[in-house]
Amino acid sequence: MTIGFVPTRRTVFSTAEAIRYKREILQHLTGLGGIDVVDIEGINEEGLLFDDRDVPSVVERMRDVDGVFFPHCNFGSEALVGKVAKAIGKPVLLWGPRDDAPLPDGVRTRDTQCGLFATGKVLRRFGVPFTYLTNSRYTDRYFEEGFRRFAQVCNVVKASRNLRILQIAPRPDSFWTMMVNEGELLEKFGVTITPVTLSDVCRLSISLQKEKGTAFRCQMEQLKERFQCSLVSEDELGRIAALKLSVQEFCRKFDCRAAAIQCWNALQDDLGIMPCLANGLLADEGIPVTCETDIHGAISSLLLQASS
């Protein structure tokens, strides 16, 4: 997970204070763990977004991130944030620190909350959806929890792009709830359905069990280590292992990240087993498999997996 770090300031407030706070926030983020941060250091002397001339360079550096965090180190430059966020097209997080008390002469060092309201309004005009965290200290638990939730959202958005789902056989006739509009999924969401026949999967399963290759033997050993298998025969256990490997191979072949299988009753006629354990094993390895050829369920499973 890679998050872009684009701190912003406005010229009428203290530049030195904005730079100091930017450094503290960046240091705190890099210490959270599990998230890579791409900053804008070197684009200008300050590593802050405040000059319209820097927008193209900032956009170019953020092109491969999964989301963009715009900490307002003071009021911020709302128009520039809007331009950058619109051009990048990735999830956006707005946040700023709680405003300090004014200086003895009445000067405000940040006025962050007002700037965040302005940026939020500009983003709405640009048609850019965003997540907003209320003003807090970056050391507050609220900030860390909110930032990690945003990272999870970014991961869901990332997972939802260019999805390819393996469809193993059509839905069972009586399950009308599993009807999908394949064309709409592709046109609206870029989701591609790759169909294979149940016969294809069963043939590969039978072949894998018969050949007893390295992958099959390893899978059998793992099953015996993880589960109490005394109530099933070696042959039945082998069919489960082979089915799991077969579905996994078709997902690899067609670059599918999830599968939906017609789990009854043709499968029982062809292989003599239920696919439930094989489905669970695949889910453990990051390939969710849904029953009754539930395409929507497969998509939902992927998104839930990404959010966790």
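The values are calculated or read from the model by the stated rules, or taken from the named source; none is laboratory data. Keep in mind that what you see is a predicted model, and the values were worked out from it rather than measured. Don't worry about glycine lacking a Cβ; one is built from the backbone with ideal geometry, like all the others, and counts go over all protein chains shown. Accessible surface is based on the protein model in full, side chains and every heavy atom, while ligands, DNA and RNA are left aside. Shrake-Rupley method; radii C 1.70, N 1.55, O 1.52, S 1.80 Å.
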Quiz prompt | Selection within the range 123-145 - open to solvent by less than 30 Å² (accessible area, probe 1.4 Å) and under 25 Å from Lys86 (Cα atoms) | solution = Leu123, Val128, Leu133, Asn135, Phe143
Exercise. Search the range 75-99 for residues that are within 14 Å of Asp54 (Cβ to Cβ) and pair each with any residue that is of a type in the set (Ser, Thr, Tyr) and in a loop (DSSP other than H, G, I, E, B) when their beta-carbon atoms are under 9 Å apart and the residues are at least 6 apart or on different chains.
Key: Ser77/Thr11
Self-check item: Residue under evaluation Lys83, criteria (1) of a type in the set (D, E, K, R); (2) exposed (fewer than 15 other Cβ atoms within 10 Å of the Cβ); (3) over 16 Å from Thr2 (Cβ atoms), criterion not met
Solution: (2)
Quiz prompt | Test set (1) over 14 Å from Pro97 (Cβ atoms); (2) open to solvent by 30 Å² or more (accessible area, probe 1.4 Å) - Arg23 fails condition number | solution = (1)
Quiz prompt | Matching residues in the range 219-234 - criterion: being part of a helix (DSSP H, G or I) and open to solvent by 60 Å² or more (accessible area, probe 1.4 Å) | solution = Glu221, Gln222, Lys224, Glu225, Arg226, Glu234
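Report yes if some residue within the range 131-138 is among the β-branched types (Val, Ile, Thr), in contact (Cβ under 8 Å) with a residue 60 or more places away in the chain and at negative phi; otherwise report no. Before the answer, list the steps.
Taking the range 131-138 and keeping what is among the β-branched types (Val, Ile, Thr), we get 131, 134.
Checking which are in contact (Cβ under 8 Å) with a residue 60 or more places away in the chain leaves us with none.
Scanning the range 131-138 turns up no residue that is among the β-branched types (Val, Ile, Thr), in contact (Cβ under 8 Å) with a residue 60 or more places away in the chain and at negative phi.
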Practice problem: Please determine, by comparing only the residues of the range 74-129 that are part of a loop (DSSP other than H, G, I, E, B) and among the β-branched types (Val, Ile, Thr), which one is nearest to the chain's Cα centre (by Cα). | Solution: Val128
Self-check item: Output for the range 259-308, where each listed residue is of a type in the set (A, V, I, L, M), under 23 Å from the mean Cα position of the chain (by Cα) and part of a loop (DSSP other than H, G, I, E, B)
Solution: Ile287
Quiz item: Does any residue of the range 248-258 turn out to be over 30 Å from Leu303 (Cβ atoms) and not hydrophobic (A, V, I, L, M, F, W, C)?
Solution: no
Self-check item: Which listed residue is assigned to a helix (DSSP H, G or I), open to solvent by less than 50 Å² (accessible area, probe 1.4 Å) and more than 18 Å from Leu271 (Cα to Cα), from Leu208, Leu185, Leu237, Leu166
Solution: Leu185
Practice problem: Looking only at the range 33-40, decide whether some residue is of a type in the set (Gly, Ala, Ser), under 24 Å from Glu145 (Cα atoms) and surrounded by 23 or more Cβ atoms within 10 Å (Cβ to Cβ). | Solution: no
Quiz item: Out of the range 1-59, which residues are in a helix (DSSP H, G or I), touching a Leu at 6+ places or on another chain (Cβ under 7 Å), farther than 17 Å from Ala87 by Cα and not hydrophobic (A, V, I, L, M, F, W, C)?
Solution: Lys22
Quiz item: Could you give every pair whose Cβ atoms fall below 8 Å, whose first residue belongs to the range 257-276 and is without any contact (Cβ under 8 Å) to a residue 12 or more places away in the chain, and whose second residue is part of a loop (DSSP other than H, G, I, E, B) and open to solvent by 20 Å² or more (accessible area, probe 1.4 Å), counting only separations of at least 6 or pairs across chains?
Solution: Gln268/Met274; Met274/Trp264
Quiz item: Which ones in the range 240-276 are of a type in the set (Lys, Arg) and open to solvent by 60 Å² or more (accessible area, probe 1.4 Å)?
Solution: Arg252, Lys253, Arg257
Self-check item: Selection within the range 95-116 - under 19 Å from Ile19 (Cβ atoms) and among the small types (Gly, Ala, Ser)
Solution: Gly96, Gly115
Practice problem: Would you check if there is a residue in the range 150-160 being among the basic types (Lys, Arg), in a helix (DSSP H, G or I) and under 30 Å from Ala242 (Cβ atoms)? | Solution: no
Self-check item: Candidate set from the range 188-205 (those that are in a helix (DSSP H, G or I) and touching a strand residue (DSSP E or B) at 6+ places or on another chain (Cβ under 9 Å)); member that is least open to solvent (accessible area, probe 1.4 Å)
Solution: Val201
Exercise. Confirm whether Thr214 is within 25 Å of the chain's Cα centre (by Cα) and either more than 30 Å from Trp95 (Cβ to Cβ) or without any contact (Cβ under 8 Å) to a residue 60 or more places away in the chain (or both).
Key: no
